[in-house]
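Engineer: Can you read through this structure? Questions will come right after.
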Amino acid sequence: MGHEERYRTATWDGAQRRVLVTLLFTDLVGSTRLAATLGDRRWSLLLRAHHGRVRDLLDRWGGHEVDDAGDGFLATFEAATPAVLCATAAAVSLAELGLKVRAGLHTGECIRDGGKVRGIAVHAGARVVGRAAPGEVLVTRTVRDVAAGSDLLFEDRGSHELRGIPGQWQLYAALEGGGVSTADLGTHRYVSHVPRRAKRVGSLARTL
């Protein structure tokens, strides 16, 4: 095989693994404090309910679970709009358990390596979730632009530096139905099946 042919083959093989996806990161706020306060048994029960709700919503909106960090998720979506809808639904649903999550979303190319994804886009998404307030769904300008034409509403959160990534990044908060930030919701409409014991533990979590 000549040098030129080897170059074409290597380039094509590499390009085949690059995919354009919307990345969703979630992070359970105050998980260490909750675990220490509730104790192992009750914390495990609440965490199981958290995982169940998030996974139900990923299935509902067509998300693919990539990683479970114990108190947060990384998932990919083929489109931006269902990813944002999944994130806002998760914020609302988990608030019923007395849990606040922060979510960060970014749309970009990444390398699919088996069941994992890697690349700058993944790092950007991880940095975005770190900028979100408790209960907030924060997205990059790319997500907002890709979702243009949908019924999604966003509120400008200004320009930010994302640690280790060049440039300024414009971030936006996704608004729940009615134009309310998920961080400010007082009532929660999404309902899924959760064991009564988890709901009781969730009520305790709201008091902490």
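The values are calculated or read from the model by the stated rules, or taken from the named source; none is laboratory data. Everything quoted here is computed from the prediction, not taken from an experiment. No Cβ is skipped: glycine too gets one built from the backbone with ideal geometry, and neighbour counts run over all protein chains shown.
Engineer: Among the residues of segment 79-100, what is the count of those that are more than 15 Å from A173 (Cα to Cα) and among the polar types (S, T, N, Q)?
Structural biologist: Step one: filter segment 79-100 for residues more than 15 Å from A173 (Cα to Cα), giving 79, 82, 93-100.
Subsequent filtering for residues that are among the polar types (S, T, N, Q) retains 93.
Going through segment 79-100 one residue at a time, the tally reaches 1.
Engineer: Please report, ordered by residue number, the strands (runs of 3 or more DSSP E) entirely within segment 36-151 with at least 1 residues that are within 12 Å of the chain's Cα centre (by Cα) and either in contact (Cβ under 8 Å) with a residue 60 or more places away in the chain or surrounded by fewer than 16 Cβ atoms within 10 Å (Cβ to Cβ) (or both). Before the answer, list the steps.
Structural biologist: Working: elements: 64-68, 73-77, 101-113, 116-118, 137-140.
Ranges flagged: 64-68, 101-113.
Engineer: Test A124 against the criterion of being under 22 Å from H50 (Cβ atoms), modelled with pLDDT of 95 or more and either in contact with a Pro (Cβ under 7 Å, 6 or more places away or on another chain) or aliphatic (A, V, I, L, M) (or both), and give yes or no. Can you show your working first?
Structural biologist: Details: under 22 Å from H50 (Cβ atoms): no; modelled with pLDDT of 95 or more: yes; either in contact with a Pro (Cβ under 7 Å, 6 or more places away or on another chain) or aliphatic (A, V, I, L, M) (or both): yes.
When the stated conditions are applied, A124 does not pass them.
Engineer: Mind checking which residues of segment 25-34 are among the small types (G, A, S) and buried (at least 17 other Cβ atoms within 10 Å of the Cβ)?
Structural biologist: S31
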